[in-house]
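What follows is a single structure, written as structure tokens, with notes after it.
The values are calculated or read from the model by the stated rules, or taken from the named source; none is laboratory data. Quick caveat: nothing in here was measured; it's all calculated off a predicted structure. Positions of Cβ are generated from backbone atoms using ideal geometry, with glycine treated the same way; all protein chains shown enter the neighbour counts. Side chains are part of the model used for accessible areas, which takes the heavy atoms of the whole protein and leaves out ligands, DNA and RNA. Shrake-Rupley method; radii C 1.70, N 1.55, O 1.52, S 1.80 Å.
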Amino acid sequence: MTTTEWLIDLALILIVFRQLREGPLGPKSYLIPLGIVSFVGYEYLDTVPTGGNDLVLIATLMAVGAVLGVAGGVFTRIRVAGGQVLIKAGLVSAALWVVGMGARLGFQQWVQHGGADDVARFSLDHRITGAQAWVAALLLMALTEVVTRLATIFVRSRTLPSPDFSGVAVLAKAADRAR
């Protein structure tokens, strides 16, 4: 792995650790992770192989990414306070994120340091056409994890009382009770 690949993987892991402290949910909350995975996809995803069982591998790892992403979004605390939406990644959310990102990082290290023959045998046994299928599957897993986590957080944030009108709603309910 190159220094750039290490930095990208570590940046994706650090994103959630940054969210262990509660902070406002805003454009940066979405744009930074989407920017990182967009850059990675552009740099490393040359093609999506469709031969043999490549699409099965890709779909399977994307499904794993979706499960990790949705679960991570569900275990992220979202609340309205002081007129803004705040988010805080819980320990479960952070652990799921690290499991997903760490698994990919571990797989890359394993392949580069002795596991390539095992992956080649597995690929032959399961009709996976080559290294590009693994690259596409792992990259699309990461992209899916990021997008589904952000989408889950977005949807959940939209179910909260509006930060601009939450005080008005409380006052209206109090006025109704007084009548």
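Observations, loosely collected:
- Ordering of 23-35, 113-125 by packing is 23-35, 113-125, highest average first (other Cβ atoms within 10 Å, averaged per residue).
- Theoretical FRET efficiency, 1/(1+(r/R0)^6), r = Cβ-Cβ of Ala116 and Asn53, R0 25 Å, to 0.05: 0.85
- Counting Lys and Arg as +1 and Asp and Glu as -1 over every other residue whose Cβ lies under 13 Å from the Cβ of Ala66, the net charge comes to 0.
- Accessible area per residue, Å², the stretch 1-124 with all protein chains present, probe 1.4 Å: 55
- Nearest-ten-degree value, helix 54-74 long axis tilted from longest Cα axis of the chain: 30
- Under 12 Å from the Val155 label point (7 Å along Cα→beta-carbon), backbone N, the stretch 72-91: 73-74
- Each listed q (0.08, 0.12, 0.18 Å⁻¹) maps to a log10 I(q)/I(0) for the chain, found by the Debye formula over equal Cα scatterers with no solvent: -0.33, -0.63, -1.14.
- Farthest toward the positive end of the dipole of the chain, out of Pro27, Gln84, Val98, is the Cα of Gln84, where the dipole comes from beta carbon charges about the Cα centre.
- Sulfur and carbon atoms: percent of accessible area, the stretch 62-122 [1.4 Å]: 69
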